[in-house]
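Asker: The structure's right below; bear with me while I get my questions together.
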Amino acid sequence: MKHFVTILFLILSLSISGFAQEPESAKPLTDTEVLRKVAIMDIEGQIYDNVVVTMKSTSPDYIITDKYKVKVTITDANGKKIWKKTLKNVFLYVFSDGQVQVGKQNFDRILIRKSSLTGDFIGKIREKEGIY
């Protein structure tokens, strides 16, 4: 009975400590350019394979504009531009595992992460409704 109580105590303490860890956080990057080779990119419901995503964040100059911007360009393997847009009033976040997010703190418009199955980058863009 003592062994059962001891094992139960260890299991509960390990599970509680696992939930007590804080999620990874990152500060927004400014005046930075990030390039990712993405195996599968979902742009507003349309799927593209083997694309290169370039994201360049810019700080406001406070003369012309006072908003942060991220310029996003997606090109295919042949160099043809598939999607190009400047997103205003958003930030660029890069995490230590390679994940890239573009958006506000709780509302992401672009998410690029590594696939747990293949290890390749996969991405999704939802400009209006966001990614949850």
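Asker: Just to verify a result, which residue in the range 71-80, among those that are among the polar types (S, T, N, Q) and open to solvent by less than 40 Å² (accessible area, probe 1.4 Å), is farthest from the chain's Cα centre (by Cα)? Lay out the reasoning, then the answer.
Answerer: Within the range 71-80, the first condition is being among the polar types (S, T, N, Q), and the residues that meet it are 73, 75, 78.
When the remaining residues are screened for being open to solvent by less than 40 Å² (accessible area, probe 1.4 Å), the result is 73, 75.
On the way: THR73: 15, THR75: 18 Å.
It comes out as THR75.
Asker: Take the residues in the range 81-117 that are open to solvent by less than 100 Å² (accessible area, probe 1.4 Å), part of a loop (DSSP other than H, G, I, E, B) and of a type in the set (S, T, N, Q), then tell me which one is farthest from PRO60 (Cα to Cα).
Answerer: Here the answer is SER115.
Asker: Suppose we filter the range 38-57 for residues that are assigned to a strand (DSSP E or B) and open to solvent by 70 Å² or more (accessible area, probe 1.4 Å); how many remain? I'd like the intermediate steps shown before the answer.
Answerer: As a first pass, look at the range 38-57 and keep what is assigned to a strand (DSSP E or B): 38-43, 46-57.
Retained after the next criterion (residues that are open to solvent by 70 Å² or more (accessible area, probe 1.4 Å)): 40, 46-47, 49-50, 56.
Of the residues in that region, 6 qualify.
Asker: Starting from residues that are in a loop (DSSP other than H, G, I, E, B) and β-branched (Val, Ile, Thr), keep the ones in the range 58-70 and report whichever is least open to solvent (accessible area, probe 1.4 Å).
Answerer: Selected residue: THR65.
Asker: While we're on this one: Testing GLY123 on (1) more than 18 Å from PRO28 (Cβ to Cβ); (2) open to solvent by 30 Å² or more (accessible area, probe 1.4 Å); (3) of a type in the set (Gly, Ala, Ser), one condition comes back false. Which one is that?
Answerer: The one condition GLY123 does not meet is (2).
The values are calculated or read from the model by the stated rules, or taken from the named source; none is laboratory data. Because the structure is predicted, anything quoted here is derived from the model rather than measured. Don't worry about glycine lacking a Cβ; one is built from the backbone with ideal geometry, like all the others, and counts go over all protein chains shown. The protein model used for the area step is the full one, side chains on, heavy atoms only, and it has no ligands, DNA or RNA in it. Shrake-Rupley method; radii C 1.70, N 1.55, O 1.52, S 1.80 Å.
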